[in-house]
Structures are given as structure tokens and as C-alpha cells.
């Protein structure tokens, strides 16, 4: 069966229009949260920590804040995007249509990643109102932004298929993604931790995402940029393999 671009476009446009219908939740809320982070952390911690790795504390936390929103929104958008058709039983119409698994994934994951990337850029613009920003490697910044959005949108797609209720839909983002992000160097450098905790922190995959993204801004990172990129790609490949297995077995799609 040839690639059906119209089916991808239909799913993509439908999901993007849904974002506009929930613009307050999708855009305004994360932007307000980011502003509050700057006010709270900038005032409470910024007064005590002037610089981290030669960068003012306010500017230092910008990449972490972008990643925090990017990860949570990518997972949330993609998981709800595929969960709702399962919940309303319209998923069977999609599965019975002449649409391949690749086209379904491209439509849902592509829309979720697009929304997350747009939100990330909006948060960057918001952050520039509070602190002066520098981006030493803009191409790498966009590369990490896109790769992370796609990877965690794939993860959200998996969660949306796995979840059998709205409670489980929120379980992974609230109990796993958000804590890992806070503990992944979002608001601090892992060099500030005791040696033993530095070793423990390296088992947190979010550390590599935040570190690589921060490097694209200030040419300074907790982990080598090559390792950060490799870990991101490995995580993406793992998610792709799981999605492939889901469609191959029909896990929670045909029952």
C-alpha cells in the first residue's frame, strides 16, 4: 500500500484544531507556570546563587524550564490524542480505514510534537522577558528541541494506548516524568551534588536531555553533548520499537 499523505494530514489537522479549542490549557497555563518559576526561583534562589558555570542563575534555568514544559506537554498531548479515540471507540474506524500504522503514528505524534515545539518556543520568548538569553548553537538547540519533542510524544502515544482510564493517563507524567525532570538538573548543575549523588543522577535519562539542551545555549553542560545526543536517539529508537510491537500485536487496539 502506497503512502497516504491525505490520511496523515487529516489526523494531523484534527489534532492541531483540538489544541486551538483548548488554548488556555495548552498554551496560556504553561506560560503562566513558567513566569511563576522565574518569580519564585529567581527571587528565592537567584539571590543566593549568582552564577552557575559562569551563567547567571536566571539564565541557567531557562533550558531546564523549556525541557520541563516540553516533556510534560509532549507526553500529555500525545497520550490524550490517541486515548480519546480509544475511549470513544472511534479508534476502530481509524484501524479499519486504509491507513497504515506509520501514517497513524505520524499523524498523532507529529501533531503532539508540533504543539510541544511551538510551546517551547513561546516559553523561550517568555523567558527572554525576564533574563537576557544567548544561544551559542541555535541549530543544535532546534535539533534537541525537535528530537526531544518527537521522542516524548512517542512515549505519550505508548502511554495513551496502555492506559485504560483517565487516572492511568495522568499516572506516568505526574509520578515519573515530572519528578525525573525536577531531579534531572532543571534548576541546578549536578556538579553541585555530592559525588555519590552525581553517580546516582546519571541514571536519570532526563539529565542527558537537559544537559544537551543547555549546552546548545551556553556551551556548558554536565554531560558531554555527544553522550546526550546518543541517549536521546537511543530513547527514541526504544519508543519506536515499542510502538511497532503494539501495532504488530494489536495490544489494546483491537480489544
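Taken together, the values in this text are just the output of simple stated rules run on the coordinates, not laboratory data. Source: prediction; values computed, not measured. Ideal geometry is used to build each Cβ from the backbone, glycine not excepted, and the neighbour counts take in all protein chains shown.
Peptides 28-41, 208-221, 96-109 ranked from most to least packed give 208-221, 96-109, 28-41, packing being the mean of other C-beta atoms within 10 angstrom over each peptide's residues.
Give me the orientation-averaged projected area of the Cα convex hull of the range 5-249, in nm², one decimal. Before the final figure, lay out each step's value.
On the way: hull surface 54.2 nm².
Averaged projected hull area, Cα only: 13.5 nm².
Stokes-Einstein at 10 °C, 1.306 mPa s, Kirkwood radius from Cα pairs: D for the range 50-179 in µm² s⁻¹? Answer, rounded: 100 µm²/s.
Helix 29-44 axis versus longest C-alpha principal axis of the chain: approximately 20°, rounded to the nearest ten. Which angle from 0 to 90°, rounded to the nearest 10, does the C-alpha axis of helix 57-88 make with the longest principal axis of the chain? In the chain, helix 57-88 runs at an angle near 10 degrees to the longest axis.
Using the alpha-carbon centroid of each, what span in Å lies between the range 173-200 and the range 80-131? If we compute the Cα centre of each part, the gap is 27 Å.
Between 0 and 90 degrees, the angle of helix 5-21 with respect to the longest Cα principal axis of the chain falls at about 60 degrees.
Over the chain, dividing the summed -39,500 (n - 2.57) contributions of all DSSP H runs of at least 4 residues by the number of residues returns a 222 nm mean residue ellipticity of -23500 deg cm²/dmol.
How high is the relative contact order of the chain? Use alpha-carbon pairs under 8 Å, at least six apart in sequence, and give a whole percent.
Working: 293 pairs, mean separation 67.1, N = 255.
So the answer I get is 26 percent.
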